[in-house]
Amino acid sequence: MVGLKEELLKSIWHAFTALDLDRSGKVSKSQLKASGAAGVLSHNLCTVLNVPHDPVALEEHFRDDDEGPVSNQGYMPYLNKFILEKVQGNFDKVEFNRMCWTLCAKKNLSKSPLLISDEDAFKVWVIFNFLSEDKYPLIIVPEEIEYLLKKLTEAMGAGWQQEQFDHYKIALNTSREGLSAWELIDLIGSGQFSKGMDRQTVSMAINEVFNELILDVLKQGYMLKKGHKRKNWTERWFVLKPNIISYYVSEDLKDKKGDIILDGNCCVEALPDKDGKKCLFLIKCLDKSFEISASDKKKKQEWIQAIQTTVNLLRAGSPPPHKEARQKRKELRQKLLAEQEELERQMKELQTANENKQKELETVRKQLEAAAARAAEEEKKRLQTQVELQDRFSLELEREKMVRQKMEEQVAQKSSELEQYLQRVCELEEMYKQLQEALEDEKQARQDEETVRKLQARLLEEESAKRAELEKWHLQQQQTIQMTEAEKQELENQRLIKEQALQAAMQQLEQLELERKEALEQYEEVKKKLETAANNTKSWKDKVAHHEGLIRLIEPGSKNPHLITNWGPAAFTEAELEQRQKSWKGKKATSE
């Protein structure tokens with residue numbers, strides 16, 4: 001279950017990291033709660049893994065009083081406790097991987113056209129999760145890339161280009177430890193290692209490797225199977241897996257006809273030709289036996305060997321060959337890494353010892369120089385003593401023999417000391433040669449360092465070239481901005497023309513305003529004249545009202561029917577007549 005959990009975690013890691021991240025690389029708790037990302041991801045995982053979903057536990061795990069953002073360290077404990085610990089293995093691995101692929105592919109998949117379809121890219125992504133290292137962020141190391149490309153090349157029936165991959169591996173090792181899933185998809189989809197192959201051939205190769213590594217398909221193909229009831233022979237598509245052989249109507253795997261359960265008690269043996277059938281073999285299980293006919297002897301032998309190998313692995317309790325090979329490659333890489341670390345440690349110890357040796361040689365060199373100085377001083381003193389002795393010999397002829405004897409003894413002693421001194425000088429010269437060799441080694445190390453520095457300079461030149469290209473793009477952008485400025489200047493000129501037209505319209509409006517004021521003044525004068533004429537008319541009406549004679553101002557006639565008198569049309573209406581009658585009656589009553 002530990003291995004299963006690791007495989008599940010790799011796919012879930014891709015889905016989790018596809019969520020919106022902040023600058024620190026973490027998903028904030030508010031983002032997860034607002035968008036429901038944690039709930040949706042957890043619900044989908046529970047659905048495809050056949051685990052009961054507990055939304056209460058999710059809400060309790062990410063309640064408001066939790067501290068800090070929800071990152072891998074926050075979501076993974078919930079994932080392990082409430083989901084992965086409950087997984088029993090009774091789920092569809094392909095459906096699980098496809099759900100995780102759906103969540104992360106749109107954001108990470110390259111937009112450039114590839115030579116493989118989205119379905120093939122999905123299968124490469126699942127293979128990457130199987131072959132990648134068990135550390136995050138996930139990468140696939142060059143050794144596993146070489147293994148996968150060799151499998152694909154073998155499945156396509158092409159020759160492996162080792163030299164081409166070695167060049168690619170050297171270029172890869174100088175920049176990084178390995179490739180991500182999306183970089184691996186781009187590598188296979190670019191066709192760099194499948195030149196001359198069409199899309200269908202590459203797709204079939206990817207599908208074959210996917211079936212072997214992910215679906216644990218050890219062998220598959222068409223064969224004839226003898227029925228248990230009717231005893232007739234029917235062609236079926238057989239699929240061999242680590243503990244089962246399934247047979248279908250065709251290779252699309254839609255109509256499954258049955259299974260042959262394999263265990264350590266099963267065995268397979270060849271049969272002689274009979275009933276017109278050739279290349280027969282028998283699979284014996286505890287409860288049933290199955291007679292099968294292959295298409296030729298080679299296929300028959302391959303199937304017998306594959307089934308027998310599977311039964312032997314079941315008896316030994318060993319994993320499938322590709323998983324065991326992956327584990328061995330991983331253990332070998334770990335061993336090489338440990339050896340490399342040990343070698344680096346030893347190199348550091350040697351370097352420290354070398355430095356100490358150099359210090360010792362420097363001390364010896366100083367001691368040698370001091371000894372040479374002392375020897376020179378002693379030689380000087382000896383010469384001075386010899387001169388003094390010669391002076392004494394000239395003055396003391398009598399004591400010449402005794403002094404000569406003493407001098408010979410002294411010379412013999414000095415010769416012995418000189419031989420010892422010369423022997424010591426030879427030893428110091430040997431030590432000096434060793435010091436020179438150590439200095440040559442140091443010089444060689446500095447030359448290696450200079451080579452690395454030149455490589456860094458070349459990388460800096462490439463970076464400066466890229467920077468020049470960026471500056472070229474910046475210049476193009478500046479030219480675009482200048483064109484925009486010209487368009488802006490043209491719009492400004494149009495605006496000035498419109499402002500001038502507006503000013504002209506404003507002047508016309510002011511002229512109309514003056515004309516309106518003049519017309520208003522004329523209107524006021526006419527109005528005053530009308531008021532004067534109206535007042536004059538009113539005074540005349542008052543004067544006429546005091547008289548009851550026949551004189552009456554001529555006014556516009558009424559639309560009502562006029563009264564007729566003996567002298568012609570009356571100058572008043574019936575209403576005025578009635579009013580005058582009332583006025584006469586009133587005056588008469590007042591006078592009485």
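The values are calculated or read from the model by the stated rules, or taken from the named source; none is laboratory data. Just so it is clear, the model here is predicted, and its values are computed rather than measured. Note that each Cβ is placed from the backbone with ideal geometry, even for glycine, and that neighbours are counted across all protein chains shown. Each accessible area value is taken on the protein alone, full model and side chains, heavy atoms only, with ligands, DNA and RNA left out. Shrake-Rupley method; radii C 1.70, N 1.55, O 1.52, S 1.80 Å.
Identify, please: which residue in region 191-202 is part of a helix (DSSP H, G or I) and closer than 22 Å to Gln164 by Cβ and is, among those, most open to solvent (accessible area, probe 1.4 Å)? Selected residue: Arg199. Just one of the listed residues (Gln358, Gln327, Gln367, Gln351) is surrounded by 10 or more Cβ atoms within 10 Å (Cβ to Cβ), out of contact with any Gly (no Cβ under 9 Å at 6 or more places or on another chain), over 30 Å from Arg236 (Cα atoms) and modelled with pLDDT under 90, and it is Gln327.
Gln308: closer than 19 Å to Glu212 by Cα, of a type outside the set (D, E, K, R) and modelled with pLDDT of 90 or more, yes or no? It is true that Gln308 is closer than 19 Å to Glu212 by Cα, of a type outside the set (D, E, K, R) and modelled with pLDDT of 90 or more.
Condition check ((1) over 19 Å from the mean Cα position of the chain (by Cα); (2) closer than 19 Å to Ile12 by Cβ; (3) not basic (Lys, Arg)) across all residues:
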site: Leu84; (1), (2), (3): yes, yes, yes
site: Val87; (1), (2), (3): yes, yes, yes
site: Phe122; (1), (2), (3): no, yes, yes
site: Asn129; (1), (2), (3): no, yes, yes
site: Glu133; (1), (2), (3): no, yes, yes
site: Glu143; (1), (2), (3): yes, no, yes
site: Glu146; (1), (2), (3): yes, no, yes
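Restricting attention to region 203-218, the residues that are open to solvent by 40 Å² or more (accessible area, probe 1.4 Å) and more than 18 Å from Trp160 (Cα to Cα) total 4.
Each row is one residue, and each column tells you yes or no for (1) surrounded by 10 or more Cβ atoms within 10 Å (Cβ to Cβ); (2) out of contact with any helix residue (DSSP H, G or I) (no Cβ under 8 Å at 6 or more places or on another chain); (3) at pLDDT 80 or above.
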residue	(1), (2), (3)
Lys472	yes, yes, yes
Lys527	yes, yes, yes
Asp542	no, yes, no
Arg552	yes, no, no
Leu563	yes, no, no
Asn566	no, yes, no
Phe572	yes, no, no
Ala575	yes, yes, no
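For the structure I just gave you, tell me whether Arg333 is closer than 20 Å to Lys241 by Cα, at pLDDT below 90, basic (Lys, Arg) and not in a loop (DSSP other than H, G, I, E, B). No, not satisfied. Gln508 meets all of the listed conditions (1) in a helix (DSSP H, G or I); (2) at pLDDT below 65; (3) polar (S, T, N, Q) but one, namely (2). Leu224 meets the conditions (1) farther than 26 Å from Thr153 by Cα; (2) open to solvent by less than 30 Å² (accessible area, probe 1.4 Å) in every case but one. The failed one is (2). Out of curiosity, is Pro52 modelled with pLDDT of 70 or more and out of contact with any Phe, Trp or Tyr (no Cβ under 9 Å at 6 or more places or on another chain)? Yes, satisfied.
Of everything in region 285-306 that's in a loop (DSSP other than H, G, I, E, B) and open to solvent by 30 Å² or more (accessible area, probe 1.4 Å), which residue is nearest to Ile245 (Cα to Cα)?
Lys288
Hey, does region 89-106 have a residue that's loosely packed, with under 14 Cβ neighbours inside 10 Å and modelled with pLDDT under 80? Yes, region 89-106 contains a residue that is loosely packed, with under 14 Cβ neighbours inside 10 Å and modelled with pLDDT under 80.
So in region 162-190, with the set limited to residues that are at pLDDT below 85 and not in a helix (DSSP H, G or I), which one is surrounded by the fewest Cβ atoms within 10 Å (Cβ to Cβ)? The qualifying residue surrounded by the fewest Cβ atoms within 10 Å (Cβ to Cβ) is Ser175.
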